[in-house]
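K.L.:
The structure under discussion is supplied below as structure tokens; questions concerning it will follow.
The values are calculated or read from the model by the stated rules, or taken from the named source; none is laboratory data. What you are looking at is a predicted structure, and each value in this text was computed from that prediction instead of being measured. Glycine gets a Cβ as well: all are built from the backbone with ideal geometry, and neighbour counts include every protein chain shown. When the accessible area is computed, the model is the full protein with side chains, heavy atoms only, and any ligands, DNA or RNA have been set aside. Shrake-Rupley method; radii C 1.70, N 1.55, O 1.52, S 1.80 Å.
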Amino acid sequence: MTSDVTKSRRSQVDSLGVARAVRAAVEAVPNVAHVSAGRFARIGTYGRSTVVHGVAISQVEAGVKVDVHIVASSAGKSLLELAESVRHVTRETAIANGVETVREINVIIEDLRDEE
Amino acid sequence: MNVLNRVLIILISLVALVASIAVLLVTIGMVDPETLAPNNWFQNRLAEFEDLTGTDWNWAIAVSGAVILVSLLLLTLELRPGQREPSRLVVKQDGMGRVTVALDSVRRLVDWEAQRESGVMESESQVREEANGLQIRSRVSLSPQASAPEVAELLQERIKNTIEHHIGKRVSQVTIDTQLEPLGGRNGRRRVR
């Protein structure tokens, strides 16, 4: 029982940590204008007193699902290539931050920003 | 605001609304507490408003009226249909997950591309996903020196290539409506499919 609670708390803290790391890594990807909390719902990973907007980490069967919401800049590579880069960076960062299995990464391009 | 918060606000507003209406009706003497209240506890609470006079009566009317208005306002705000989620286009789905793009963003991309074409002053586009691919319709305003058929043809090719490159989905149709007037006007339009 105690170990379950500890495990659950640790998992919560890890989710926030992973979300923060993923957010920072994705924002460093060229042509990502910024990570977005969504235009309507406030998407993010929620902790007790904090939230990491734009990156939603949830536990799924035998792994973790990551939703990343971004605003892309219009210049440069195609949106598909950009999404691939975001998926790659997200996966690498999640694994580097202790996620054992990344089951699913969904990239949602919320908007485009003209940065020419 | 999440669903739980919304449900809580709706419940609290409903309770406040019912209580203030009851207080108002009892205060102005329209209804007896016995008629309204389901049990003795509620009857005793409402009975306190039955014989109010002077300033107390005024306060009870003003406060219950204000609570009714605020509750109705909150209920209206919480129960009105929410803003719709933006329509999204699934551009890739594989074992790793999904990549989606807001249709508005694709529309914006079309407009940017159209406006990069020489002779195009303004553009306003619509993008629809059909079974055979994306259908794009652009209204463009041209400069007087531009040749509408030539610009329209170039635009069709440019928009199709750009969107297919960016989104990786087939563009089945690009329709261009050209006009010389700014896009607010509707005269002198020509269409190229």
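One line per residue, one yes/no per condition, for (1) modelled with pLDDT of 85 or more; (2) closer than 26 Å to A:Val86 by Cα; (3) within 14 Å of chain A (Cβ to nearest Cβ):
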site	(1), (2), (3)
B:Pro33	no, no, no
B:Ala37	no, no, no
B:Gln43	no, no, no
B:Ala66	yes, no, no
B:Pro81	no, no, yes
B:Arg88	yes, yes, yes
B:Gln93	yes, yes, yes
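K.L.:
Checking B:Val99 against (1) within 13 Å of chain A (Cβ to nearest Cβ); (2) at pLDDT below 90: exactly one of these is not met. Which one?
P.N.:
(2)
K.L.:
All but one of (1) buried (at least 18 other Cβ atoms within 10 Å of the Cβ); (2) at negative phi hold for B:Gly97, so report the exception by its number.
P.N.:
(2)
K.L.:
Just wondering, is there one or more residues in the stretch B:52-63 that are open to solvent by 70 Å² or more (accessible area, probe 1.4 Å) and either in contact (Cβ under 8 Å) with a residue 40 or more places away in the chain or within 17 Å of B:Leu14 (Cα to Cα) (or both)?
P.N.:
So in the stretch B:52-63, the residues open to solvent by 70 Å² or more (accessible area, probe 1.4 Å) come out as B:53, B:55-59, B:63.
From the residues that got through so far, the ones that are either in contact (Cβ under 8 Å) with a residue 40 or more places away in the chain or within 17 Å of B:Leu14 (Cα to Cα) (or both) too are B:63.
Yes, the conditions are met somewhere in the stretch B:52-63.
K.L.:
Spot the failing condition for B:Glu130; the list is (1) open to solvent by 10 Å² or more (accessible area, probe 1.4 Å); (2) within 14 Å of chain A (Cβ to nearest Cβ), and only one is missed.
P.N.:
Among (1) open to solvent by 10 Å² or more (accessible area, probe 1.4 Å); (2) within 14 Å of chain A (Cβ to nearest Cβ), B:Glu130 violates only (2).
K.L.:
In addition: Scan the stretch A:20-36 and report the pairs whose first residue is over 12 Å from A:Ala83 (Cα atoms) and whose second residue is buried (at least 16 other Cβ atoms within 10 Å of the Cβ) and small (Gly, Ala, Ser), with Cβ atoms within less than 7 Å and a gap of 6+ or a chain change.
P.N.:
A:Val22/A:Ala94; A:Arg23/A:Gly54; A:Ala33/A:Ala72; A:Ala33/A:Ser73; A:Val35/A:Gly54; A:Ser36/A:Gly54
K.L.:
A follow-up question, please. Exactly one condition in (1) more than 25 Å from B:Asn5 (Cβ to Cβ); (2) assigned to a helix (DSSP H, G or I) is not met by A:His34; state its number.
P.N.:
(2)
K.L.:
Could you tell me whether any residue of the stretch A:7-26 is of a type in the set (Val, Ile, Thr), within 30 Å of B:Thr162 (Cβ to Cβ) and at pLDDT 85 or above? It would help to see each step written out before you state the result.
P.N.:
The initial filter retains those residues of the stretch A:7-26 that are of a type in the set (Val, Ile, Thr), namely A:13, A:18, A:22, A:26.
If we keep only those that are within 30 Å of B:Thr162 (Cβ to Cβ) too, we end up with A:22, A:26.
This time we only want the ones that are at pLDDT 85 or above, so: A:22, A:26.
Yes, that holds for at least one residue.
Yes/no per residue for (1) at pLDDT 95 or above; (2) touching a Leu at 6+ places or on another chain (Cβ under 9 Å); (3) outside any strand (DSSP E or B):
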site: A:Ala72; (1), (2), (3): no, yes, no
site: A:Val99; (1), (2), (3): no, no, yes
site: A:Arg103; (1), (2), (3): no, no, no
site: A:Ile109; (1), (2), (3): no, yes, no
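K.L.:
Cβ-Cβ under 6 Å, sequence separation 6+ or interchain: first residue in the stretch A:95-116 and more than 9 Å from chain B (Cβ to nearest Cβ), partner assigned to a strand (DSSP E or B) and of a type outside the set (Gly, Ala, Ser). Which pairs?
P.N.:
A:Val99/A:Val64; A:Arg113/A:Val71
K.L.:
B:Leu103: in contact with a Leu (Cβ under 9 Å, 6 or more places away or on another chain) and either open to solvent by less than 50 Å² (accessible area, probe 1.4 Å) or closer than 30 Å to A:Ser85 by Cα (or both), yes or no?
P.N.:
On the way: in contact with a Leu (Cβ under 9 Å, 6 or more places away or on another chain): yes; either open to solvent by less than 50 Å² (accessible area, probe 1.4 Å) or closer than 30 Å to A:Ser85 by Cα (or both): yes.
Answer is yes for this residue.
K.L.:
Kindly provide the set of residues from the stretch A:20-57 that are out of contact with any Gly (no Cβ under 7 Å at 6 or more places or on another chain), hydrophobic (A, V, I, L, M, F, W, C) and within 11 Å of A:Asp67 (Cα to Cα), ordered by number.
P.N.:
Looking only at the stretch A:20-57, we keep the residues that are out of contact with any Gly (no Cβ under 7 Å at 6 or more places or on another chain), and these are A:20-22, A:24-29, A:32-34, A:38-42, A:45-50, A:57.
Then drop every residue that is not hydrophobic (A, V, I, L, M, F, W, C), which leaves A:21-22, A:24-26, A:28-29, A:32-33, A:40-41, A:57.
If the condition is that a residue be out of contact with any Gly (no Cβ under 7 Å at 6 or more places or on another chain), hydrophobic (A, V, I, L, M, F, W, C) and within 11 Å of A:Asp67 (Cα to Cα), then A:Val22, A:Ile57 are the ones that fit.
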